[in-house]
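Computed from the coordinates by the stated procedures, all read-outs in this text should not be read as laboratory data. Since the structure is predicted, the reported quantities are computational estimates derived from the model, not experimental observations. Heads up, the Cβs are rebuilt from the backbone with ideal geometry, glycines too, and the neighbour counts pull from every protein chain shown.
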Amino acid sequence: MSTSPTASSEPPSKRVRRRGAFIVFEGLDRSGKSTQVARLVDALNAQGVKAVAARFPDRTLTTGKMIDSYLSQKADLDDRAIHLLFSANRWERANQILQDLESGTTVVCDRYAFSGIAFSVIKGLSPTWCRAPDVGLPAPDLVLFLRISPRAAQSRGGFGNERYETPEIQLRVEAEFAALAESVEPGVWRNVDAERGVEAVGDEVRARVEEVLEGYRCEGPVARLWEDSVA
């Protein structure tokens, strides 16, 4: 994958300063997100593009430890309380993400606000209410949704270890992801067939990411999620 800037006859003072790209992977549980995040970060760094991985929930943060107890079914929390906790976890990391992007580092993220909303809406919470705490977070330049059927996900190792890992829940979450795809700027959300082999999925991922790294999105400031939806 070539991500080197092309030669330019313009003087350095006239060239647009490019920031890092914010790449988010979404998908059902066991769709291969963590694998593809790790592979992409390694590939980018090998190409000379500085990249770091992020993951939500970030269980190393204060809020993440509480979330971990909930997901491993060691603790119960009110649905609204856990939703706000997930959002707070993202806000805890938001400044670091912005600093990385503005310094020219690409951030590759395993899950983001879309997961938080999808899993809360299936519990009966209002989509508008669920979205509100995440308004203003750094907006991704690209969302790669790894599409896999709940049946295929169930056949993969580790499925069922956490609270939401049942075929019924995953099917409902899939429908909410489809609705969320319509809430972002056209071209940001890309579906990737994740039922193929790791290499085939990775090839498509790198092609999609290359388009973003070489495109216009990384020439401007980092956008913010859903700010245009606030009256």
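A few remarks follow.
- Of the residues Trp226, Trp91, Trp189, the one with the fewest other Cβ atoms within 10 Å heads the list, and the complete ranking is Trp91, Trp226, Trp189.
- Note on the range 20-81: Cα-only Rg and Dmax are 14.9, 45 Å.
- Ratio of the Cα radius of gyration of the range 63-157 to 2.2 N^0.38 Å, where N counts its residues: 1.20
- In degrees, nearest ten, helix 79-102 long axis to first principal axis of the chain (Cα): 10 degrees
- Normalised contact order of the range 18-220, rounded percent, pairs of Cα under 8 Å and 6 or more residues apart: 35 percent
- About its Cα centre, the dipole of the chain is roughly 380 debye, where the only charges are +1 on Lys and Arg Cβ and -1 on Asp and Glu Cβ.
- In the chain, the longest principal axis of the Cα atoms and the axis of helix 62-71 are about 50 degrees apart.
- Virtual spin-label span in nm between Leu77 and Glu211, 7 Å along Cα→Cβ: 3.6 nm
- Alpha-carbon geometry of the chain: the Rg and the Dmax are 17.8, 61 Å, given in that order.
- Long-range amide H partners of Arg55 with built H, under 5 Å: Asp110
- The stretch between Glu204 and Asp68, if pulled fully straight at 0.36 nm per residue, gains 45.8 nm over its current Cα-Cα span.
- What you get for the range 87-157, charging only the Cβ of Lys and Arg (+1) and of Asp and Glu (-1), is a dipole of about 500 debye around the Cα centre.
- Between 0 and 90 degrees, the angle of helix 167-180 with respect to the longest Cα principal axis of the chain falls at about 40 degrees.
- Take 140-153, 48-61 and order them by the average number of nearby Cβ atoms within 10 Å per residue, most first; the result is 140-153, 48-61.
- Annotation for the range 69-96 versus the range 98-154: alpha-carbon center distance of 14 Å.
- With both labels modelled 7 Å from their Cα along Cα-to-Cβ, the Glu185 to Trp129 distance reads 3.1 nm.
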